[in-house]
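The values are calculated or read from the model by the stated rules, or taken from the named source; none is laboratory data. These numbers come from a predicted model, not from an experiment. Note that we place each Cβ from the backbone using ideal geometry, even for glycine, and neighbour counts take in every protein chain shown. Please note that ligands, DNA and RNA were not included when accessible areas were found on the heavy atoms of the full protein model with its side chains. Shrake-Rupley method; radii C 1.70, N 1.55, O 1.52, S 1.80 Å.
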Amino acid sequence: KQLFDLVLRREAERPNEIWQADHTELDLLVLDEDGKPARPWLTVVLDDFSRAVAGYFITLDAPSAIGTSLALRQAICPKLDPRWTVCGIPDQFYTDHGSDFTSNHLEQVSAELKMSTIFSTIGQPRGRGKQERFFQTVNQLFLSELPGYLTNGARTPKPTLTPEELDKSFCNWLLDDYME
């Protein structure tokens, strides 16, 4: 299979043709509402053509259909900041088989928006490299500069940011650096 497997590459030919969505647990500690260290999750909706972030959601909760829906809602709606122009309804929404992506809620949303949902092959997330590369970029260029960053082999850092402060910093980085 490694030698002879044919690979279908999903490549969008225009903006909003294909959006990808995925989650990652961030290599960062923030302070939860009780002041205790916690690792946040980032859900991102990425335009396959431009690699621009259409929407995102940061939470201390594990990925869920609600978190995915909130990121998708932000992606679809026009943004208040004029620098963030990515919005609309994609033709295709490409995800993995996580329970949040295969939920009845997301299926209903997709049907109402007339957006086809495509799932990667179970255990073989080919075609999702753009998402993984984006998460590496976040880790290397954004998180590494923040207090509470978890580095390999280092002692546990002292977190100082709240999830709300992280969200604001991420949005600024996204608009000022990543999508500039």
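Of the accessible area of the chain, computed with a 1.4 Å probe over protein heavy atoms only, carbon and sulfur atoms account for 51 percent.
State in Å² the accessible area per residue of the chain; use a 1.4 Å probe, count heavy atoms of protein chains only, and round to the nearest integer.
Value for the chain: 58 Å² per residue.
When the inverse distances between all different Cα atoms of the chain are averaged and flipped, the Kirkwood radius reads 17.2 angstrom.
Taking 7 Å steps out from each Cα toward its Cβ at residue 70 and residue 180 produces label points 2.9 nm apart.
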